[in-house]
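The values are calculated or read from the model by the stated rules, or taken from the named source; none is laboratory data. These figures come from a predicted structure and were not determined experimentally. Backbone-built Cβ (ideal geometry, glycine too); neighbour counts: all protein chains shown. Surface accessibility is based on the protein's heavy atoms, side chains included, excluding ligands, DNA and RNA. Shrake-Rupley method; radii C 1.70, N 1.55, O 1.52, S 1.80 Å.
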Amino acid sequence: SRRLGADLGRSLAVSSPAAPPPLPVVARGFSLVGNKHEVWRDENDTDNVPKVTRRDGTVAEIDKHRGFVDYVRNPDPYRNPLERVFDWQEINDDGHDEVERTVQAARCMDCGTPFCQTHTGCPINNLIPEWNDLVYKGQWQEAIERLHKTNNFPEFTGRVCPAPCEGACVAGLIDSPVTIKNMEYAIIERAWDEGWVVPRIPKYRTGFNVSIVGSGPAGLAAADQLNQMGHKVTVYEREDRIGGLLMYGIPNMKLEKGRVQRRVDLLEEEGIEFITGADIGRDLDVNVLRANSDALVLALGSTKPRDLLIPDRDAKGIHFAMEFLTANQKRLLTTADGMLASNWDGTYISAEGKDVIVIGGGDTGTDCIGTSMRHRCKSIVNFELMPQPPNSRADSNPWPEWPKVFGVDYGHAEVQAVFGEDPRTYAVMTSKFLKDQEGNLKGLVTHEVQVTPEGVKPIPGSEKEWPADLVILAMGFVSPEEYIIEQMKLDVDQRSNIHAEYGDYRTSIEGVFAAGDCRRGQSLVVWAINEGRGTADAVDTYLNQRHSESEDNIGVMD
């Protein structure tokens, strides 16, 4: 049955292939078949060390000297798609047991140059070989200490990050990469279960007050870092819950909201003040907030969606992805007795019984597909403008770049399981919507396209009409909303993002900093954490300089 409240749903961001079939075993003794692997014991009753099947079919104790040469990649599986489409719970299975987790950790061979944690891999430079080795040795508490050195929220990245670290894994040069993302999530969840994640109360306070507008991953990372530096931090969020896109933009089956709230509660215990329902720039003049803060951090996100301005755009039944996903998530966040636990007005955008078309791919498009499937849509199609990517790296896409290859995400797999085919249609452009006499959407028209040196061009004679009761626009985001920017008269770049140099984060107004998507443009959660951490360092430097200048002035007066 579906669980209501903050514990609804759980999930990963990319689809995991099925576990490989077992290899033939050549060994004496007996085997214990677990849920994810086969463990062998010798005839010696005193030998309790598990032995596992290697790539060549032999059986031996787990050893990392040959790492990925001996062991195949075996990522954590997803639940059966025909089971998970009937609920909003986490799409992931229970995960591997400790023996198989050790095997997967052994595949990481501590490369001389670990590209996984460089600029080509993890944006926050996670110490991946270190905590993989600690898991291999069974030193889980030390592993979470190393993981938290660089990542404030591994339970988020371990679920929703597309894992650029795995794309840059050295093993991926000749074989499949290490299951880094699964390892990260296993470490943090073990730490929570064991009680190793506890409030860290700062030992002193600096007396400086920092206000942060926005509680997404960038704002939360900045708040966490600044609080640990001893500054008083207040985070303002216009929604009724803290978390930004982590709470309302990413569906429950991909990121369980109880896990988001668990981290927020910890941050609050550590001294961070959260104020919800505060739409800064509307409810409160942002300049007043700035005047009452020693420093102001804008972590507004990139929330202005890219529109599709074609004929009959005003038809009823066309919605932006965030409208669709946010309303649905608010509907789910009810308490067990039916009382609303969020500011839900009783309405949401339902895909039940409808022909649904999602325009745009990527994670957001997949989330709209997965949500529509759980609404029991009649049919679903996903349009992508670009051609289908190749099954393996093209010559123009060498390692350690992110592999631009064809993949099946969780939503695609669910459609395939229910309807028997992949929902994606590549190289198509929507040219107009169709509506009936009452103004309701009834379909749309597309053209096939080809990519030329001059850009994407429609192919003459390729026009096609598609039935649709609901169209969801998941074409990304163009910039932050303007009202705070205009109120403060901040400089913006050519894409209408707040102008602030990466690594410096200072805006055109003294004491005001910008972090995350509102500065860099639409990006990954892990990049938002990177920017939040970097902005915290910049703010701390700024406040320390102010303190030094204040002391110098006092000295001159004396």
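Results, tabulated for the structure shown:
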read-out: Residue-averaged [θ]222 nm for the chain, counting only DSSP H segments that reach four residues, each worth -39500 (n - 2.57); value: -9000 deg cm²/dmol
read-out: Signed unit charges on C-beta, dipole axis of the chain, positive-most listed residue SER211, THR102, VAL72; value: VAL72
read-out: Accessible surface of segment 404-535 [probe 1.4 Å, protein heavy atoms]: carbon and sulfur percent; value: 46
read-out: Free-standing Cys, the chain [no other Cys Cβ under 4.7 Å]; value: CYS108, CYS111, CYS161, CYS169, CYS368, CYS377, CYS518
read-out: Global geometry of segment 477-552, whether rounded, prolate or oblate, following the gyration tensor of its Cα atoms and the 1.5 cut on a/c; value: oblate
read-out: Per DSSP, loop chymotrypsin sites (Phe, Trp or Tyr not before Pro) in segment 181-276 with at most 11 further Cβ within 10 Å; value: TYR204
read-out: Segment 131-273 - charge dipole about Cα centre, Lys and Arg +1 at Cβ, Asp and Glu -1, debye rounded to 20; value: 220
read-out: Links that overshoot a 20 Å alpha carbon limit, given the list LYS304/LYS489; LYS254/LYS330; LYS51/LYS181; value: LYS51/LYS181
read-out: Computed lengthening from THR58 to GLN450, 0.36 nm per intervening residue step minus Cα-Cα distance; value: 136.1 nm
read-out: Dipole moment magnitude, nearest 20 debye, segment 271-420 about Cα centre, only Lys, Arg, Asp, Glu C-beta charged; value: 320
read-out: Diffusion coefficient, µm² s⁻¹, Stokes-Einstein with Kirkwood Rh over alpha-carbon pairs of the chain at 20 °C and 1.002 mPa s; value: 84
read-out: Residue order for THR118, THR535 - accessible surface, 1.4 angstrom probe, largest first; value: THR118, THR535
read-out: The chain - share of DSSP beta bridges that are antiparallel (%, nearest 5); value: 45
read-out: Selection from GLN261, ILE318, VAL235 lying farthest towards where the dipole of segment 195-329 points positive, charges on Cβ; value: GLN261
read-out: Net dipole in debye of the chain [+1 Lys, Arg Cβ; -1 Asp, Glu Cβ; about Cα centre; nearest 20]; value: 860
read-out: Shape box of segment 52-99 [Cα atoms, principal axes, largest first, Å]; value: 43, 18, 15
read-out: Surface accessible to a 1.4 Å probe, SER548 within the full protein complex, Å²; value: 60
read-out: GluC sites (Glu not before Pro) restricted to DSSP loop in segment 378-457 with at most 15 other C-beta within 10 Å; value: GLU401, GLU421, GLU438, GLU454
read-out: Gap separating the Cα centres of segment 121-136 and segment 187-232, nearest whole Å; value: 21
read-out: Radius ratio Rg over Rh of segment 42-148, counting only Cα atoms, Kirkwood formula for Rh; value: 1.04
read-out: Surface per residue (accessible, 1.4 Å probe) for segment 459-527, Å²; value: 48
read-out: Antiparallel bridge percentage (DSSP; both residues within segment 364-511; nearest 5); value: 85
read-out: Length-normalised contact order of the chain in % [C-alpha pairs under 8 Å, at least 6 apart]; value: 16
read-out: Percent carbon-and-sulfur accessible area, segment 183-298, ignoring ligands, DNA and RNA, probe 1.4 Å; value: 47
read-out: Calculated from backbone phi, Karplus (6.51, -1.76, 1.60) coupling profile of segment 310-317 in Hz, x at Gly/Pro; value: 10, x, 6, 4, 7, 4, 6, x
read-out: Heavy-atom accessible area per residue - segment 57-201, 1.4 Å, Å²; value: 38
read-out: Solvent-accessible area per residue, Å², over segment 291-420 with all protein chains present [probe radius 1.4 Å]; value: 45
read-out: Within the accessible area of segment 49-145 (1.4 Å probe), percent carbon and sulfur; value: 50
read-out: Residue-by-residue Karplus 3J(HN,Hα) for segment 279-293, coefficients 6.51, -1.76, 1.60, Hz, glycine and proline x; value: 8, 5, x, 10, 6, 9, 4, 5, 6, 5, 4, 4, 5, 9, 10
read-out: Filtered chymotrypsin sites (Phe, Trp or Tyr not before Pro), segment 447-513: DSSP coil and at most 13 other beta carbons within 10 Å; value: TYR502
